[in-house]
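I have placed the structure first, in the form of structure tokens, so that the comments after it can refer back to it.
Quick note: the coordinates plus some simple rules give every number you see, no bench work behind them. Note that this is a predicted model, so its numbers are computed, not measured. Every residue, glycine among them, receives a Cβ derived from its backbone with ideal geometry; neighbour counts consider all protein chains shown.
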Protein chains: 2
Amino acid sequence: MRTVVCVSMLEHLNKEIGKRKAMDAEILDQDIKAKGLKVTIPRMKVLAVLSAEKDAPHLSAEEVYNRLLAMGEEVSLPTVYRVLAQFESAGLVKRHCFDGDRAVYEIDDGEAHNHMVCVCCSEVIEFVDSVIADKLQRLAAYQGFTISDYNLVLHGVCAQCK
Amino acid sequence: MRTVVCVSMLEHLNKEIGKRKAMDAEILDQDIKAKGLKVTIPRMKVLAVLSAEKDAPHLSAEEVYNRLLAMGEEVSLPTVYRVLAQFESAGLVKRHCFDGDRAVYEIDDGEAHNHMVCVCCSEVIEFVDSVIADKLQRLAAYQGFTISDYNLVLHGVCAQCK
DNA sequence: CTCCCTGCAAATCCTTTGCACGACA
DNA sequence: TGTCGTGCAAAGGATTTGCAGGGAG
């Protein structure tokens, strides 16, 4: 994954800090506990897999499950779904439906960001843009609409695939 | 549905023209024929239901199916799915996954627009904004990413629900 | 010790497909 | 007449749930 910063370096810094925090196993466990969830092996491992940002940080439930199997962890697929759902409610992970087919999950570092998804290689490029965010707020306010969350996904062809 | 125009009156006019065109039954049939599809009753009726913009113009396959039943049309659910899929390929309708649960369909008037979806009443407010569209093009270009399509959905609470 | 969490299996939901019949060109 | 479109039933895949046993606090 490539993370792109387009507007402010401050946003970039905040994001990196969030990532670093999220990668620390102890803190991850504390996050689980802080949400009133017991710190169990499946929960720790699921969060660990999603925090391992070397490769795709956007994993489907089944992909998470497969990574766990590869790690030698004995976790069932329903548990992965349950844990992910709980983490989403707890604000620890974010769920996206890029294609409407299967959902993908990523660590929720608290910062809203958007995605470009390559239709060829499925690579995901994240980006933030405060101009767009501000504009959306204004457009919503104009409608008397209060934004709780928004999804912005670009589909197209990435640089490598051209 | 309320349609909101935020930037240019030209966009608004174009859209209204598209809507009016889409509501004319004969032209709808011609659209079907123009795509190399036979003009059959299920196809005409599905397009008619989606073109009736009095109420929600964003219908799931099952909702389309129910409207057809209410109209006394004998159409099967698989056929509705098939027709909608064909129409999507033909560019007559657009498919969206607002919540990732069930897909919804709307007439594709050729103009890209975005959606605000109320989490309370499910009302959908459409809006267009060329500033955002331009900004996205620039952001994508900066990445060497060619946008083929994009989805922007705001979730939140609409004015009525407050 | 008690309640929460998990695994297993089965169920559910939306959506798609196989097949044979009927309709339009 | 041949191909395309449809209905029906069944399959398919992702996700959820019921239940009983096991583990965390």
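Would you mind getting me the FRET efficiency between A:LYS162 and B:LYS35? Use the beta-carbon distance for r and R0 = 41 Å, nearest 0.05.
Details: r = 29 Å, r/R0 = 0.71.
With a Förster radius of 41 Å, E is 0.90.
With unit charges on the beta carbon (Lys/Arg positive, Asp/Glu negative), name the residue among A:MET116, A:MET44, A:PHE145 whose Cα is farthest towards the positive pole of the charge dipole of the range A:23-162.
In the range A:23-162, that residue is A:PHE145.
Counting other beta carbons within 10 Å of each Cβ, put B:MET71, A:MET116 in order, fewest first.
B:MET71, A:MET116
Considering only the range A:114-156, what is the antiparallel percent among its DSSP beta bridges, to the nearest 5?
Values: 4 of 8 bridges.
Counting only bridges with both partners in the range A:114-156, antiparallel ones make up about 50 percent.
How far, in nm to one decimal, is A:ARG82 from itself in the other copies if the label point is set 7 angstrom along Cα toward Cβ? Shortest first, please.
4.1
Once amide H atoms are built 1.01 Å from N in the peptide plane, which residues 5 or more positions from B:LEU59, or in another chain, come under 5 Å H to H?
Here the answer is B:TYR105, since their amide H atoms fall under 5 Å of that of B:LEU59.
Which order do the peptides A:27-37, B:94-104 come out in when sorted by mean C-beta neighbours inside 10 angstrom, highest first?
Packing order, densest peptide first, comes out as B:94-104, A:27-37.
Hey, can you grab everything whose amide H is under 5 Å from the amide H of A:ASP108? Only 5+ residues off in sequence or another chain; H modelled, so Pro and N-termini drop out.
Residues meeting the amide H criterion: A:VAL93, A:LYS94.
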